[in-house]
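Undergrad: The structure that follows is given in the form of structure tokens.
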Amino acid sequence: MSEIKDDPEDSSRRDMLRTTGAAMAIGLAASSGALVTPASAQGADPTSAAARNTGHLGGRLQGVQHFGLTVQNMERAFEFYTQVLGGTEVFRHGDFQGDAVQNTLLADQEIRAHELAVNPRTIGVPDLRGGAQRLDVRFVQFDNVVIELLQYRDSDQPMGSPHSFAEPVHNMSPAFPRMMHICFYVRDDVDFNKFITDLEAESARRGMTQVRANRTIRVSTEEQRRAAPENTHTNKVTVAPSDGWELIYCKGPEGEQLEFVKALGPVKQRFADALSARRRTVGSAQ
């Protein structure tokens, strides 16, 4: 999955996925003149560094570089995202500690602990500053985005250990505010239902029993979920403006929320149109 091909359909797919709902908002702002900058109003080249540095914040971005996922078991997560889903390791780095990294990553939580008058550890703040805990990271490349795996561990635990510093959250409902998910884009010609069947089977073979996809029919036990017909794996949306959207929700090996989607027909065109509007507005170099 990490190989980038020159096939026009693949290029179109990658282009479409770079856009989000924010692109529509930016396009609307542009139509009202919100993106007119002093530099462009004076006839300066809108693609110059000077124009960008005084213009709209959206014009200073290249897109989403990566999503980060804090894991309990680094080796298990890495195996899933590389060997099961086919991502390619970019690099790994670790044993991060010290004052600068503590301040960069955790200052807001230390302030929060001070406001609550509690030990920072009680709200999940590790001691990277003093070195009692360490941080390791691994970057995994997919076609159009990178996933960063992070693990906070006690200093006496080796890199890749299944033992994290903090207790994992057990209730992972996507309805919780601040909850996020990682969404993977399934190729148009792939049998979506079979993909989910194979994903669950391959994950189970590796002992990743938390990798479980929801079904479109009502089930109340794990046995009923497993016994559901394969054609109940995929939710196919037929109502505009999401018509052509196909999706399933699935938990990953760390209990993280995953989504797998196809965007076909009308909804695919809407994303493509939004991306075109963004490029015209922001002047993104592709």
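Undergrad: Provide the packing ranking of 77-88, 95-106, 265-276, i.e. peptides ordered by the mean count of other C-beta atoms within 10 Å per residue, highest first. List each step's numbers first, then the result.
TA: Numbers: 77-88: 19.1, 95-106: 14.8, 265-276: 17.1.
Answer by packing, highest mean first, reads 77-88, 265-276, 95-106.
Undergrad: So how do 222-229, 243-250 stack up, highest first, on mean other-Cβ count within 10 Å? Display every interim value, and only then the final one.
TA: Working: 222-229: 12.0, 243-250: 18.9.
Sorting 222-229, 243-250 by mean packing, highest first, produces 243-250, 222-229.
Undergrad: Based on the Cα atoms of region 102-256, what semi-axes does the equivalent ellipsoid have, where each is the square root of 5 times one gyration tensor eigenvalue, given in whole Å with the largest first? Each step should come with its number before you reach the end.
TA: Working: eigenvalues 264, 66, 57 Å².
Whole-Å semi-axes of the equivalent ellipsoid: 36, 18, 17.
Undergrad: At what distance in angstrom do the alpha carbon centres of region 151-198 and region 236-266 lie from each other?
TA: 16
Undergrad: With no solvent and one equal point scatterer per Cα, compute the Debye intensity ratio I(q)/I(0) for region 65-168 at 0.13 Å⁻¹ and report its log10, rounded to two decimals.
TA: Once normalised to I(0) and log-transformed, intensities are -0.49.
Undergrad: Counting DSSP beta bridges with both partners in region 65-168, what percentage is antiparallel, nearest 5? Please report the intermediate quantities before stating the final value.
TA: On the way: 15 of 20 bridges.
Roughly 75 percent of the beta bridges in region 65-168 run antiparallel, per DSSP.
Undergrad: Could I have the simple spin-label model distance between Val137 and Asp243, label points 7 Å from Cα toward Cβ, reported in nm to one decimal?
TA: In this crude label model, Val137 to Asp243 measures out at 4.4 nm.
Undergrad: Ok, one more. How large is ³J(HN,Hα) for each residue in region 84-95, as worked out from phi by the Karplus curve 6.51 cos²θ - 1.76 cosθ + 1.60 (θ = phi - 60°), to whole Hz, x for Gly and Pro?
TA: 7, 8, x, x, 10, 5, 8, 6, 10, 8, x, 6
Undergrad: Students often check this: by mean Cβ neighbours within 10 Å, which of 127-133, 69-75 ranks highest, and how do the rest follow?
TA: Values: 127-133: 16.7, 69-75: 20.4.
The packing order, highest mean first, is 69-75, 127-133.
Undergrad: Still on this structure, I have one more. For the pair Thr197 and Glu89, what calculated FRET efficiency results from E = 1/(1 + (r/R0)^6), where r is the Cβ-Cβ distance and R0 = 25 Å, to the nearest 0.05? Intermediate values should be presented prior to the final figure.
TA: Numbers: r = 27 Å, r/R0 = 1.08.
Once the sixth-power term is evaluated, E becomes 0.40.
No lab work stands behind these numbers, since they all come straight from the coordinates. It should be emphasised that the depicted structure is a prediction, and the values quoted were computed from it without experimental measurement. Using ideal geometry, Cβ is built from the backbone for each residue, glycine included, and neighbour counts are taken over all protein chains shown.
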